[in-house]
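Asks: Please see the structure below; I have some questions.
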Amino acid sequence: MSASLSLSQARRIALKAQGLATVRPTQPVTARMVGRTFAQIQLVQIDSVNVLSRSHYLPFFSRLGPYPQSVVDGLAGTAPRKLMEYWAHEASFIRPSHFHDLRQFQHRRWAGSGDMDPAVRDALEESIISVLTRSRALTAREIGERIGHQEVTDRSHWGWNWNAVKRTVEGLFERGVVGAASRNDQFERRYALIEKVLPPTERGILAPGEKMPEVDKNAALLRLISAAASAHGIGTLRCFADYFRLPAKAVAQGIGRLVDSGELEPVTVNGWSEQTYLHASATVPRAAVASALLSPFDSLVFERRRLERLFNFHYRLEIYTPEPRRKYGYYVLPFLLGENIVARVDLKADRQAGVLRVRGAYAEAEAPKDTALHLATELEAMAKWLGLGTVVVHENGDLSGKLQAVLP
């Protein structure tokens, strides 16, 4: 008979596994602390939207408080890298040790050169690899200039202004032939041969352009499920498959093997009908006491059904919703207080005015009376971290008046 857990216990397990159960450190945040946090959550999603901050910086602020963003840049861009970019949940920073495993499953050919004329693609691939073999990391535009490719951008490709060089180099990125060494100020990838991106422990001894060795796909799957389950603490098949975007049928078989080995334990959660699993490393803290604003791309909120079951919090990203139809706003962050998500705020960093704008603030039905006070503290800390002077609250949402009252 499987163990039975209360919803509160499941919440606390999930928050502990995600590094969101305890108060933040009081000492200055170091690269080692950021690295430990990243190792705990396994991946950080990357997104180009910069209305508040690049999304990959926010999860570390949520868990550690104010820290130099240059720390993340250094971990991702300085050899030997502790973070590297590849496809995972979406475009993400991953642990380099996961790269070879993820290559077995991340077939995002819609983002690359899959439908190009093979002769054109093959010729471009050869030219791109030749350029990158003898150069520093380059953007797709710089690669095109080096090989003399002046083709007009193709505006029909999934809404992006990608020409054949960009599509081809993205195909090479998806296949793991090239990697992203860094990004420039316009958030464009700078590409390099993968052996120049991977740390020595993960690349072995390869000649320039040599194909990476294949790994056992079943073993890779088990490693990724294990990592996802550890980052969840507790979850379902859907949760574990969604974290790295793995095929559900294969994950179901892998879960069975991890149950047999004792790494996963089937449990029941009061009120849940779906089969749930507890990772062997998971513990139940007596209380969850963190206070944090969460990025719309935070790993705690990846799987919206799980979020709703755990916290009774219905959340949808409305960036692509026409403005008149948005319910809460453009860039809305959930606010975690203790073991509950108690509010949501639509934020914008107005860098020209030097203010953090709260364009909307909304309390959840069971939000405690002191929600505005705790939220104000978080907003002030975020504004300072982003180099903004003050917090300005607009009169949208049932929490805005209370926020205005407690902010200076």
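The values are calculated or read from the model by the stated rules, or taken from the named source; none is laboratory data. Quantities reported herein were computed from a predicted structural model and do not represent experimental measurements. For neighbour counting, all protein chains shown are included, and Cβ atoms are generated from backbone atoms with ideal geometry for every residue, glycine included. These area figures cover heavy atoms from the full protein model, side chains too; ligands, DNA and RNA do not enter into them. Shrake-Rupley method; radii C 1.70, N 1.55, O 1.52, S 1.80 Å.
Asks: Which ones in the range 277-330 are surrounded by 22 or more Cβ atoms within 10 Å (Cβ to Cβ) and aromatic (F, W, Y)?
Replies: Y277, F311
Asks: Which residue is modelled with the lowest pLDDT, if the candidates are limited to the range 183-218 and must be of a type in the set (A, V, I, L, M) and surrounded by fewer than 17 Cβ atoms within 10 Å (Cβ to Cβ)?
Replies: Of the residues in the range 183-218, the ones of a type in the set (A, V, I, L, M) are 192-194, 197-198, 205-207, 212, 215.
Okay, now just the ones that are also surrounded by fewer than 17 Cβ atoms within 10 Å (Cβ to Cβ), so 205-207, 215.
On the way: I205: 48, L206: 52, A207: 52, V215: 85.
It comes out as I205.
Asks: Exactly one condition in (1) in contact with a Phe, Trp or Tyr (Cβ under 6 Å, 6 or more places away or on another chain); (2) over 30 Å from A288 (Cα atoms); (3) buried (at least 18 other Cβ atoms within 10 Å of the Cβ) is not met by R103; state its number.
Replies: For R103, the failing item is (1).
Asks: Still on this structure, I have one more. Scan the range 256-276 for residues that are in contact with a strand residue (DSSP E or B) (Cβ under 6 Å, 6 or more places away or on another chain) and open to solvent by 70 Å² or more (accessible area, probe 1.4 Å) and jot them down.
Replies: Selection gives E265 alone.
Asks: Out of the strands (runs of 3 or more DSSP E) lying entirely within the range 25-94, which hold 3 or more residues that are of a type in the set (A, V, I, L, M, F, W, C)? Please lay out each step first, then the result.
Replies: Details: elements: 43-45, 84-87, 91-94.
Result: 91-94.
Conditions tested, residue by residue: (1) within 24 Å of V332 (Cβ to Cβ); (2) of a type in the set (K, R); (3) at pLDDT below 95.
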site	(1), (2), (3)
L5	no, no, no
I13	no, no, no
K16	no, yes, no
R24	yes, yes, no
Q42	no, no, no
I46	yes, no, no
V51	yes, no, no
G65	yes, no, no
M84	no, no, no
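Residues checked against (1) hydrophobic (A, V, I, L, M, F, W, C); (2) more than 16 Å from V197 (Cα to Cα):
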| position | (1), (2) |
| --- | --- |
| E90 | no, yes |
| I94 | yes, no |
| L102 | yes, no |
| D117 | no, yes |
| S135 | no, no |
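Asks: Go through F61, F38 for me and flag whichever is open to solvent by less than 30 Å² (accessible area, probe 1.4 Å), modelled with pLDDT of 95 or more and over 23 Å from A280 (Cβ atoms). Steps first, please.
Replies: Working: F38 fails: over 23 Å from A280 (Cβ atoms).
That would be F61, the only listed residue that is open to solvent by less than 30 Å² (accessible area, probe 1.4 Å), modelled with pLDDT of 95 or more and over 23 Å from A280 (Cβ atoms).
Asks: Oh, and also: Just checking, does the range 363-370 include any residue being part of a strand (DSSP E or B) and either at pLDDT 95 or above or surrounded by fewer than 17 Cβ atoms within 10 Å (Cβ to Cβ) (or both)? Steps first, answer last, please.
Replies: To start, the set of residues in the range 363-370 that are part of a strand (DSSP E or B) comprises 363.
Then drop every residue that is not either at pLDDT 95 or above or surrounded by fewer than 17 Cβ atoms within 10 Å (Cβ to Cβ) (or both), which leaves 363.
Scanning the range 363-370 turns up at least one residue that is part of a strand (DSSP E or B) and either at pLDDT 95 or above or surrounded by fewer than 17 Cβ atoms within 10 Å (Cβ to Cβ) (or both).
Asks: So which residues in the range 64-91 are more than 15 Å from the chain's Cα centre (by Cα), open to solvent by less than 20 Å² (accessible area, probe 1.4 Å) and aliphatic (A, V, I, L, M), if there are any at all?
Replies: L64
Asks: Please verify whether R108 is closer than 24 Å to Q186 by Cα, in contact with a strand residue (DSSP E or B) (Cβ under 9 Å, 6 or more places away or on another chain), surrounded by fewer than 18 Cβ atoms within 10 Å (Cβ to Cβ) and not polar (S, T, N, Q), treating the condition exactly as stated. Explain how you work it out, then say what you get.
Replies: Details: closer than 24 Å to Q186 by Cα: yes; in contact with a strand residue (DSSP E or B) (Cβ under 9 Å, 6 or more places away or on another chain): yes; surrounded by fewer than 18 Cβ atoms within 10 Å (Cβ to Cβ): yes; not polar (S, T, N, Q): yes.
So R108 fits the description; yes.
Asks: Okay, moving on. Please count how many residues of the range 1-31 are in contact (Cβ under 8 Å) with a residue 40 or more places away in the chain, open to solvent by 30 Å² or more (accessible area, probe 1.4 Å) and of a type in the set (A, V, I, L, M). Steps first, answer last, please.
Replies: Going residue by residue through the range 1-31, those that are in contact (Cβ under 8 Å) with a residue 40 or more places away in the chain are 2-25, 29-31.
Imposing the further condition that a residue be open to solvent by 30 Å² or more (accessible area, probe 1.4 Å) reduces the set to 2-4, 6-9, 11-12, 16, 22-25, 30-31.
Restricting the remaining residues to those that are of a type in the set (A, V, I, L, M) gives 3, 7, 23, 31.
Final tally of qualifying residues: 4.
Asks: Kindly indicate whether any position in the range 307-319 is on the phi < 0 side of the Ramachandran plot, assigned to a strand (DSSP E or B), at pLDDT 95 or above and in contact with a His (Cβ under 9 Å, 6 or more places away or on another chain). If you could, list the steps in order and put the result at the bottom.
Replies: We begin by selecting, within the range 307-319, every residue on the phi < 0 side of the Ramachandran plot; these are 307-311, 313-319.
This time we only want the ones that are assigned to a strand (DSSP E or B), so: none.
Scanning the range 307-319 turns up no residue that is on the phi < 0 side of the Ramachandran plot, assigned to a strand (DSSP E or B), at pLDDT 95 or above and in contact with a His (Cβ under 9 Å, 6 or more places away or on another chain).
Asks: Scan A252, A231 and give me the residue that is open to solvent by 10 Å² or more (accessible area, probe 1.4 Å), of a type in the set (A, V, I, L, M, F, W, C) and not in a loop (DSSP other than H, G, I, E, B).
Replies: Details: A231 fails: open to solvent by 10 Å² or more (accessible area, probe 1.4 Å).
Residue meeting the stated conditions: A252.
Asks: Which one is modelled with the highest pLDDT, of the residues in the range 115-164 that are open to solvent by 70 Å² or more (accessible area, probe 1.4 Å) and either among the aromatic types (F, W, Y) or part of a strand (DSSP E or B) (or both)?
Replies: N161
Asks: Let me ask another. Among the residues of the range 46-65, is there at least one that is out of contact with any Gly (no Cβ under 8 Å at 6 or more places or on another chain) and more than 30 Å from A353 (Cα to Cα)? Can you show your working first?
Replies: The first filter runs over the range 46-65 and keeps only residues out of contact with any Gly (no Cβ under 8 Å at 6 or more places or on another chain), leaving 46-62, 64-65.
Filter again for more than 30 Å from A353 (Cα to Cα), leaving none.
The answer is no, given that none of the residues of the range 46-65 is out of contact with any Gly (no Cβ under 8 Å at 6 or more places or on another chain) and more than 30 Å from A353 (Cα to Cα).
Asks: Related question: Could you grab me the full set of residues in the range 354-379 that are among the acidic types (D, E) and closer than 11 Å to V406 by Cα? It would help to see each step written out before you state the result.
Replies: Just the residues of the range 354-379 that are among the acidic types (D, E), to begin with: 364, 366, 370, 378.
Result: D370, single match.
Asks: Please go through (1) within 26 Å of Q42 (Cβ to Cβ); (2) in a loop (DSSP other than H, G, I, E, B) for Q352 and return the number of the only condition it doesn't satisfy.
Replies: Failing condition for Q352: (1).
Asks: Scan the range 41-54 for residues that are open to solvent by less than 50 Å² (accessible area, probe 1.4 Å) and either over 25 Å from S281 (Cα atoms) or small (G, A, S) (or both) and jot them down.
Replies: Looking only at the range 41-54, we keep the residues that are open to solvent by less than 50 Å² (accessible area, probe 1.4 Å), and these are 41-47, 49, 51-54.
Once the filter is applied, which keeps residues that are open to solvent by less than 50 Å² (accessible area, probe 1.4 Å) and either over 25 Å from S281 (Cα atoms) or small (G, A, S) (or both), the range 41-54 yields I46, D47, V49, V51, L52, S53, R54.
Asks: Would you confirm whether or not the range 336-345 contains a residue that is at pLDDT 95 or above, of a type outside the set (S, T, Y), surrounded by 20 or more Cβ atoms within 10 Å (Cβ to Cβ) and in a helix (DSSP H, G or I)?
Replies: Residues of the range 336-345 at pLDDT 95 or above: 336-345.
So of that shortlist, the ones also of a type outside the set (S, T, Y) come out as 336-345.
Next, only the ones that are surrounded by 20 or more Cβ atoms within 10 Å (Cβ to Cβ) stay: 336-337, 339-345.
Keeping just the survivors that are in a helix (DSSP H, G or I) gives none.
No, the range 336-345 contains no residue that is at pLDDT 95 or above, of a type outside the set (S, T, Y), surrounded by 20 or more Cβ atoms within 10 Å (Cβ to Cβ) and in a helix (DSSP H, G or I).
Asks: Here is a check on your reading of the model: is V267 within 23 Å of A21 (Cα to Cα) and modelled with pLDDT of 95 or more? Please lay out each step first, then the result.
Replies: Values: within 23 Å of A21 (Cα to Cα): yes; modelled with pLDDT of 95 or more: yes.
Yes; evaluated as a whole, the condition is true for this residue.
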